[in-house]
Amino acid sequence: MPSASRNIMQLNPIRESVRLLSDPLFDEKQITFYVHFSDAGPVALRGNKWHKLKYNLLEADRLGLETLLTFGGAYSNHIAATACAAKLYGFKSIGIIRGEETLPLNKTLHEAKANGMSLYYESREQYRLKESESYVANLRVRFGDFYLVPEGGSNSLALPGCRELLDDITIPFDFVCSPCGTGTTLAGLVTGLKSHQQALGFSVLNGGSFLQDKIVELLAEKSLKPDCWQLIENYHFGGYAKTTAGLTAFIKDFEKKHAIVIEPIYTGKMFYGLYDLIRNDFFKPGTVLLAIHTGGLQYLPD
Ligand SMILES: *Cc1c(COP(=O)(O)O)cnc(C)c1O
């Protein structure tokens with residue numbers, strides 16, 4: 001039975017706000033640059049992760065399921081977020097982790113476990129099969145009934161929650177920008193655009209055509225204006241979690257200038273890309289940008 005005590009709708013656990021950034025470059029190019037970010041609430045849920053999980057939690061509750069099961073790598077922000085949300089809303093949680101157990105646990109897995117998540121490790125070969133029917137059937141034999149949240153929290157129920165990132169935005173922005181891992185957050189943002197607005201996604205992985213297809217798939221059956229979103233693929237810095245001295249230096253400088261903490265895997269690449277696009281006149285003078293700070297700070301040292 002759905003549990004009234006969970007009250008998931010009423011309990012947005014994070015606080016969010018929008019800030020105007022200033023920089024001589026923005027003045028020179030006549031760009032207005034806002035950042036949407038969360039500055040309070042459980043770190044693992046700040047940014048996009050609460051938004052991606054919200055309607056999945058409601059669905060699990062509606063189905064009367066007690067356990068969330070999901071997948072991820074050992075550094076997965078999504079694993080951290082699922083464990084945190086499960087604890088907060090009274091679900092049990094199971095994390096299927098790619099690869100072998102490494103001890104001591106890193107911060108992500110340590111905290112997931114501290115939040116009550118049961119961790120199971122799967123060889124890379126097995127992990128690859130995680131979406132197959134027979135693999136999932138086997139999991140149900142092992143663990144009993146559960147609500148399955150896909151790897152990265154990427155499903156259609158993640159979209160309405162991500163769309164809500166734009167709910168309270170009164171700024172007349174032209175572009176909303178987000179880093180893309182699975183592209184789910186971007187897809188959700190796209191569903192919330194007004195007719196003159198566009199969404200820009202910054203791929204953090206090499207091999208963005210996969211991502212392009214994924215976003216198209218998530219947005220299938222939604223009636224959208226053509227060309228209202230675009231994936232920028234020039235700022236992956238060699239691939240997922242790859243970094244360069246240039247990116248590291250940019251992040252340091254950005255944090256000092258704006259007093260906003262960013263990280264090299266997602267948000268650092270988006271902000272680097274935005275600065276570069278502004279410098280290269282990608283945006284017309286007068287453009288108003290809204291960048292979504294998607295979080296990702298759970299594994300940084302406190
Ligand atoms: C999970 C995550 C993303 C990726 O979001 P997608 O919806 O998978 O594209 C982006 N930024 C941060 C900080 C994340 O933790």
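Okay, here's what the table says:
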| read-out | value |
| --- | --- |
| Where ALA249 falls short, out of the listed (1) within 15 Å of the ligand (Cβ to nearest atom); (2) closer than 24 Å to THR32 by Cα; (3) not in a loop (DSSP other than H, G, I, E, B) | (1) |
| Strands (runs of 3 or more DSSP E) wholly inside segment 1-119 containing at least 2 residues that are within 30 Å of PRO172 (Cβ to Cβ) | 15-21, 32-40 |
| Residue check for SER123: touching a Phe, Trp or Tyr at 6+ places or on another chain (Cβ under 9 Å), open to solvent by 20 Å² or more (accessible area, probe 1.4 Å) and free of Cβ contacts under 8 Å to residues at least 60 places away in the same chain | no |
| Residues of segment 72-90 satisfying the condition of being buried (at least 23 other Cβ atoms within 10 Å of the Cβ) and either in contact with a helix residue (DSSP H, G or I) (Cβ under 6 Å, 6 or more places away or on another chain) or not polar (S, T, N, Q) (or both) | GLY72, HIS78, ILE79, ALA80, ALA81, ALA83, CYS84, ALA85, ALA86 |
| Single condition LYS107 does not satisfy, out of (1) away from the ligand (no atom under 16 Å from the Cβ); (2) surrounded by fewer than 19 Cβ atoms within 10 Å (Cβ to Cβ) | (1) |
| Residue match in segment 271-294 (condition: near the ligand (Cβ under 9 Å from one of its atoms), within 30 Å of PRO42 (Cβ to Cβ) and in contact with a Gly (Cβ under 7 Å, 6 or more places away or on another chain)) | yes |
| Of all residues making up segment 6-55, the number that are of a type outside the set (A, V, I, L, M) and under 21 Å from the mean Cα position of the chain (by Cα) | 23 |
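The values are calculated or read from the model by the stated rules, or taken from the named source; none is laboratory data. Just so we're clear, the structure is a prediction, and the values are computed from it rather than from any experiment. Counting neighbours? That spans all protein chains shown, and the Cβs are built from the backbone with ideal geometry, glycine included. Only protein heavy atoms, including side chains, enter the accessible area calculation; ligands, DNA and RNA are left aside. Shrake-Rupley method; radii C 1.70, N 1.55, O 1.52, S 1.80 Å.
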